[in-house]
Amino acid sequence: MKLKYFPLLIVSFLLTSCSPVSTKWHEEPLTEESVTVDVYIRNGNGQKLPEESLVVKSHGWKVLAIDKENEQCEWGFRVDLECKTHSQLVRRIKYTLYDKDDFSLTIIPLSLGDLEMTSGESKTFLGSTRCKTDLLKRATHGRVHIEGL
């Protein structure tokens with residue numbers, strides 16, 4: 001190959017190649033924006049009051065596998081949850097990935113039925129799904145939503 005075509009080859013490669021999918025672990029900060037816990041108790045009048053017995057200790061996500069042939073990736077999340085005060089039922093965990101503009105890209109809903117957590121108990125929850133590689137290339141952050149009783 002002649003040297004004069006080398007710069008053209010480099011430019012062509014840069015224009016046609018895609019940005020890679022990051023397979024590193026993305027540990028998310030524990031902020032009000034990244035963690036939502038909807039757990040309620042009923043008072044004597046039947047009103048639903050917010051309950052703060054379930055606490056997310058950590059959460060994050062990672063690309064687990066890349067299927068280049070089908071242009072899909074498998075990704076998963078991990079949520080560490082602690083029950084602080086009294087027994088609590090956990091119904092569902094929903095993990096959503098977002099892009100830099102806060103657009104929702106992909107969601108994993110993890111239905112748990114009515115899983116009981118007792119006071120002082122900690123559990124780790126894992127979930128995974130597949131989605132288009134192009135979506136995961138755009139993912140910048142994740143959020144967790146916990147639903148309980």
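Read the figures in this text as sums done on the coordinates, not as results from a lab. Worth saying up front: this structure is predicted, and the values here are computed from it rather than measured. Cβ: placed from backbone, ideal geometry, glycine included. Neighbour counts: every protein chain shown.
Points worth noting:
- Counted by neighbouring Cβ atoms within 10 Å, the residues Trp61, Trp25 run from fewest to most as Trp25, Trp61.
- Local net charge near Asp80, Cβ-Cβ under 9 Å (Lys/Arg +1, Asp/Glu -1): +2
- Working from label points 7 Å from Cα in the Cα-to-Cβ sense, the His145 to Asp99 distance is 2.0 nm.
- Pairwise label distance in nanometres, Ser22 with Thr129, each label 7 Å out on the Cα-Cβ vector: 2.1 nm
- The simple Förster model, with R0 at 25 Å and r as the Cβ-Cβ distance, assigns Ser111 and Lys68 a FRET efficiency of 0.20.
- Close amide H contacts of His141 (hydrogens built in the peptide plane, cut-off under 5 Å, sequence separation of 5 or more or a different chain): Tyr98.
- Proximal charge balance of Val21 [Cβ under 14 Å; K/R count +1, D/E count -1]: +2
- Relative contact order [Cα under 8 Å, 6+ residues apart], region 22-148, whole percent: 31 percent
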